[in-house]
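Worksheet: one structure, shown below.
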Amino acid sequence: MRRLLASITLAAACAAATAAEPRARDLGIPFEGTPGTLNAITDVAGVTVGQVTLIEDLADGHKVRTGVTAILPRGKASLDTPVFGGWFALNGNGEMTGTAWIDESGQVEGPVMLTNTHSVGVVRDAVIAERVKAGGADASGYWWSLPIVAETWDGHLNDINGFHVKPEHVAQALRDAQGGPVAEGNVGGGTGMICHEFKCGIGTASRRVDSDGHDYTVGVLVQANYGVRDPLRIAGVPVGQFLRDDRVYTDAAITGDTGSIVIVVATDAPLLPHQLKRIAKRAGMGLARMGSYAGNGSGDLFLAFSTANAPASGPGALHRAEFLGNDNVDGLFEATVQATEEAIVNAMVAARDMRGEGGRYANAIPHGPLLKLLKRYGRYQTPSRSEGPKR
């Protein structure tokens, strides 16, 4: 219990610090589209996010650099009211539990959890345990549950085989989930993650969309842990060709694309499951804008859900749902691409240098040199509000 309390206190401190870090737009990185109020997945009404960050140097020399992130599509009501959903694997060297039932039912039931590769099992079981504790079992006396838990591998920085994510961390992430700003970078499931050989982690963004006179929101949250340096592009600038220092993997003779990314897309637009699968596929195009080609060793798993049509999940034999016609979803496709790209850049910008297991490191992308490159290529955009501190 003493160690748990220390980890939780540290998690809260990390979340508070990271939430105050400058974001990509604060630095002058340009993006297309109009963001929501928070430029976060929580701009979609009802969506809440909870994160527990675990950072600890153990007495035996091992380093804990991991955590868990919970996304609740309908907040606390997520346990009782499913959302329509769809998922897509751009490249399947990864894990997302519960996807067979998403394909079969077209629904996402309960929270969406993100963690490290070797903690998928404990997180899945802990979600079920929390649902049982919440009560309200069906007539048979049992909950039937297939939780959605997705992973990326943080073993470069984290003692991944120490199994440091515990059920109590899952319970706290679910309990503390809330709307409002979302902490980014070295937090939650993204604590020990790396992308394009820079320190990375959790990132989020959103877009507002007008479709035939109706206003909708698309929000994206990523756990980014993919890619090598050379192909990296930010705002179209080939920064990976210039920012060459501290190449985490290529210095170790890894030559191909590596790592993974989980992308979660939320919207309040009324869409059916097959349309949400189409939305999930478009997340891959935002990933491609960053220079990823979804290599053989990469796990690129995407999930999309809609918070509309809540009554369609109620009791009764006959249900009705509204949905946009296929001719009216192009704006949502574009918004998904734009928000995915910005969410990944936000994860990189918010991250901070980290040393971890075995003395290995991942340094964050340097803000100053990045902005010089953007200016050199004519891609710098003066921020609309004061810029954050530079590194």
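The values are calculated or read from the model by the stated rules, or taken from the named source; none is laboratory data. The shown structure was predicted, so the numbers you read here are calculated from the model rather than taken from an experiment. Virtual Cβ from ideal backbone geometry, glycine too; neighbours counted across all protein chains shown. Accessible surface areas use protein heavy atoms only, side chains included; no ligands, DNA or RNA. Shrake-Rupley method; radii C 1.70, N 1.55, O 1.52, S 1.80 Å.
What shape does segment 193-243 have by the C-alpha gyration tensor, where a ≥ b ≥ c are the square roots of the eigenvalues, rounded means a/c under 1.5, and otherwise prolate means a/b greater than b/c and oblate the rest?
Values: a/c = 4.79, a/b = 2.05, b/c = 2.33.
It is oblate, given that a/c is not under 1.5 and a/b is not larger than b/c.
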Long-range amide H partners of residue 199 with built H, under 5 Å:
363, 364, 365
Would you please state which residues of segment 327-347 a label at residue 285 would reach in this model, taking the label point 7 Å out along Cα→Cβ and a backbone N cut-off of under 11 Å?
330-338
What residues of segment 267-286 lie in the reach of a label at residue 333, counting those whose backbone N is under 14 Å from a point 7 Å from the Cα along Cα→Cβ?
275-286
Could you give log10 I(q)/I(0) at q = 0.10, 0.11, 0.12, 0.20 Å⁻¹ for segment 196-348, computed by the Debye formula over C-alpha point scatterers of equal weight, without solvent?
-0.40, -0.47, -0.54, -1.14
Too long at a 30 Å Cα-Cα cut-off: which of 166/199; 63/281; 63/372; 76/166; 199/372?
63/281; 63/372
Two-site label geometry, residue 38 and residue 318: point separation in nm, points 7 Å out along Cα→Cβ
3.9 nm
Just to check I understand the Karplus step: with θ = phi - 60° and J = 6.51 cos²θ - 1.76 cosθ + 1.60, what whole-Hz values come out for segment 195-203, glycine and proline as x?
9, 6, 6, 10, 4, 9, x, 8, x
Under 17 Å from the 7 Å Cα→Cβ point of residue 244, by amide nitrogen: which residues of segment 179-199?
197-198
Please turn the phi angles of segment 272-287 into ³J(HN,Hα) values with the Karplus equation 6.51 cos²θ - 1.76 cosθ + 1.60 (θ = phi - 60°), one per residue in order, whole Hz, x for glycine and proline.
8, x, 5, 6, 5, 4, 5, 4, 4, 4, 5, 4, x, 6, x, 4
When the helix-only estimate is applied to the chain (DSSP H runs of n ≥ 4, each -39,500 (n - 2.57), divided by the residue count), what is the mean residue ellipticity at 222 nm, nearest 500 deg cm²/dmol?
-8000 deg cm²/dmol
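Determine the per residue accessible area of segment 137-248 with all protein chains present and a 1.4 angstrom probe, expressed in square angstrom.
On the way: 3730 Å² over 112 residues.
Spelled out: the 1.4 Å probe surface of segment 137-248, per residue, equals 33 Å².
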Amide H neighbours of residue 179 under 5 Å, counting only residues 5+ apart in sequence or on other chains, H built in-plane at 1.01 Å?
49
Distance in nm between pseudo-label sites at residue 144 and residue 296 (7 Å out along the Cβ direction from Cα)
4.1 nm
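Please tell me the relative contact order of the chain in percent, rounded to the nearest whole number, where contacts are Cα pairs under 8 Å and at least six residues apart. Don't skip to the end; give the middle numbers.
Numbers: 1028 pairs, mean separation 97.8, N = 391.
Dividing the mean separation by the residue count of the chain yields 25 percent.
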Calculated from backbone phi, Karplus (6.51, -1.76, 1.60) coupling profile of segment 67-84 in Hz, x at Gly/Pro
x, 8, 10, 10, 10, 10, x, 10, x, 5, 6, 4, 6, 9, 10, x, 10, 5
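Starting from segment 163-248, pick out the chymotrypsin sites (Phe, Trp or Tyr not before Pro) whose DSSP state is loop and whose Cβ has at most 15 other Cβ atoms within 10 Å.
Details: sites: 163, 198, 216, 226, 242; in loops: 163, 242.
In loop regions of segment 163-248 (DSSP not H, G, I, E or B), the sparsely surrounded chymotrypsin sites (Phe, Trp or Tyr not before Pro) are 163, 242.
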With all pairs of different alpha carbon atoms counted, what Kirkwood hydrodynamic radius in Å does segment 171-220 show?
13.2 Å
Lys/Arg Cβ at +1, Asp/Glu Cβ at -1, dipole of the chain taken about the Cα centre: which of 85, 305, 226 is farthest positive-ward?
226
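From the Cα gyration tensor of the chain, with a ≥ b ≥ c the square roots of its eigenvalues, which class applies: rounded if a/c is under 1.5, or else prolate if a/b is larger than b/c, or else oblate?
On the way: a/c = 1.73, a/b = 1.18, b/c = 1.46.
Taking the square roots of the gyration eigenvalues as a ≥ b ≥ c, the chain is oblate.
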Which percent, to the nearest 5, of DSSP beta bridges fully inside the chain are antiparallel?
75 percent
In terms of the Cα gyration tensor, with a ≥ b ≥ c the square roots of its eigenvalues, is segment 60-127 rounded because a/c is under 1.5, prolate because a/b exceeds b/c, or oblate?
oblate
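Rounded to a whole number, what % of the accessible area of the chain do carbon and sulfur atoms account for, probe 1.4 Å? All intermediate terms of the calculation are to be shown ahead of the outcome.
Details: 8080 of 15610 Å².
Ligands and nucleic acids excluded, carbon and sulfur reach 52 percent.
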Considering amide H positions built from the backbone, and no H for Pro or chain starts, which residues 5 or more places from residue 107, or on another chain, come under 5 Å of its amide H?
85
